[in-house]
Amino acid sequence: PRFMAIVNPASVGAMGALAVCLGAFGAHGLKGKVDPALIKTWETAAHYHLIHTAALLAITTASPGVLSKRAMKTAPPLLLAGTVVFSGSLYALVLTGQKKLGAITPIGGLMLVAGWAALGL
């Protein structure tokens, strides 16, 4: 599928490196600068970011026939968009203090759920 030209092992590797860097930033760069409850929010964002990066790596490197063509077409964009919206909204919430950004987070969560469900198509 065309989307796989964007979501490939190299781009997923960059996504994983970013997840690790953002996790480290939360653990070391934010301590003492933001409320401890917001550190936990950052950890959640980094955790989901890394888990879904690993899922995308598994999908992009799956042997032909392991997943249906429909799953290969549907799941990766949902998992990528869900990660960006879910984790991205939480990262932004912590960095800006704008609690209203938390209203966007469940949309990303629904995209992640849909991405996982799409693997069964």
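Determine if segment 18-25 includes at least one residue that is in a helix (DSSP H, G or I), within 11 Å of the chain's Cα centre (by Cα) and closer than 19 Å to Ala114 by Cα.
Scanning segment 18-25, I find no residue that is in a helix (DSSP H, G or I), within 11 Å of the chain's Cα centre (by Cα) and closer than 19 Å to Ala114 by Cα, so the answer is no.
Cβ-Cβ below 7 Å, separation at least six or inter-chain, first residue in segment 1-28 and of a type in the set (Lys, Arg), second at pLDDT 95 or above: which pairs?
Final answer for the pair search is none.
Please go through segment 79-97 and give me each residue that is surrounded by 20 or more Cβ atoms within 10 Å (Cβ to Cβ), closer than 18 Å to Val113 by Cβ and hydrophobic (A, V, I, L, M, F, W, C), ordered by number.
Passing the criteria: Leu79, Leu80, Phe86, Leu90.
Residues are listed down the side, and each one gets a yes or a no for (1) polar (S, T, N, Q); (2) without any contact (Cβ under 8 Å) to a residue 40 or more places away in the chain; (3) at negative phi:
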position	(1), (2), (3)
Thr53	yes, no, yes
Leu56	no, no, yes
Ser63	yes, yes, yes
Lys69	no, no, yes
Pro76	no, no, yes
Ala92	no, yes, yes
Leu95	no, yes, yes
Trp116	no, no, yes
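The values are calculated or read from the model by the stated rules, or taken from the named source; none is laboratory data. Here the structure is a predicted model, which is why all the values come from computation and not from measurement. For neighbour counting, all protein chains shown are included, and Cβ atoms are generated from backbone atoms with ideal geometry for every residue, glycine included.
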